[in-house]
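Okay, so here's the structure we're looking at.
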């Protein structure tokens, strides 16, 4: 299996988008304008408003997505489920150039999934409003209690990865790792290895899966010191607990955190902002 190439993005749900923007901008991220999502419920269905909207921190090959209700007066049921569990990260979206091949691989390996579903949203570009289009395949939610796990293909990547949104003041160049915390990390990483066609490698207090384009998935033991360093977990494991970014100027990042009075500690050669200081998902920064 090799249809999955990388981790395309991680999605986090927040109670208050204005507060999340304040936190992320203090951390030095530049966010895209708010964009409402539309999509099909299942293959072949018409594309309809989903009730969710996002702002994103865009990098060259991936991004961090911040989700909220498109209309607070009409809450999106999916967002409500996310936030009913906890504020923080709920989506891991792997990247592919061929969603049909990914779906065929899942089917051949008895992995239940949604089939290929359409998704789109209007985004601001230098030439005006354009529609970004995607195809996605969602894993069976019953088999992924840590969150909504999916695979997506960007049909119009030029509308997402706009260079004008990549000049982050914190000099972050990409999302390089995503961390899941689990009571049984071997069982979880085995499931992901089967779904992504990668071989799990032992790593400190857990396991990791490496992908092309400088991205990795790490599954940590909930009882280990590294998992405990992330802060008080917002809900019981398994959950998507942390994201790791590469920064071209880590000393300046440390100054930014102190100036913004953002809670943080140094873990090995990384700066760690615990989940309670970053809207429910721990954020680590390491030298690019």
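The values are calculated or read from the model by the stated rules, or taken from the named source; none is laboratory data. Only a predicted model underlies this, so the values are computations on that prediction, with no experimental measurement involved. Note that each Cβ is placed from the backbone with ideal geometry, even for glycine, and that neighbours are counted across all protein chains shown.
Miscellaneous remarks
- Strands (runs of 3 or more DSSP E) fully within the stretch 162-278 counting 3 or more residues that are in contact with a strand residue (DSSP E or B) (Cβ under 6 Å, 6 or more places away or on another chain) and not assigned by TED's automatic domain parsing to the domain that holds residue 61: 172-182, 206-211, 215-221, 239-247, 270-273
- Of the listed requirements (1) in contact (Cβ under 8 Å) with a residue 24 or more places away in the chain; (2) within 17 Å of residue 175 (Cβ to Cβ); (3) surrounded by 21 or more Cβ atoms within 10 Å (Cβ to Cβ), residue 227 misses just one: (2).
- Against the conditions (1) closer than 16 Å to residue 119 by Cβ; (2) modelled with pLDDT under 95; (3) over 18 Å from the mean Cα position of the chain (by Cα), residue 79 satisfies every one except (3).
- Filter pass, residue 24 being within 19 Å of the chain's Cα centre (by Cα), surrounded by fewer than 18 Cβ atoms within 10 Å (Cβ to Cβ), closer than 30 Å to residue 272 by Cβ and at pLDDT 95 or above: no
So that you can scan it fast, the table gives a plain yes or no per residue for (1) touching a helix residue (DSSP H, G or I) at 6+ places or on another chain (Cβ under 7 Å); (2) closer than 14 Å to residue 95 by Cα:
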site: 110; (1), (2): no, no
site: 121; (1), (2): no, no
site: 125; (1), (2): yes, no
site: 132; (1), (2): yes, no
site: 135; (1), (2): yes, yes
site: 151; (1), (2): yes, yes
site: 158; (1), (2): no, no
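- Scanning the stretch 279-288 for residues that are touching a helix residue (DSSP H, G or I) at 6+ places or on another chain (Cβ under 9 Å) and part of a strand (DSSP E or B) yields 282, 283, 285, 286, 287.
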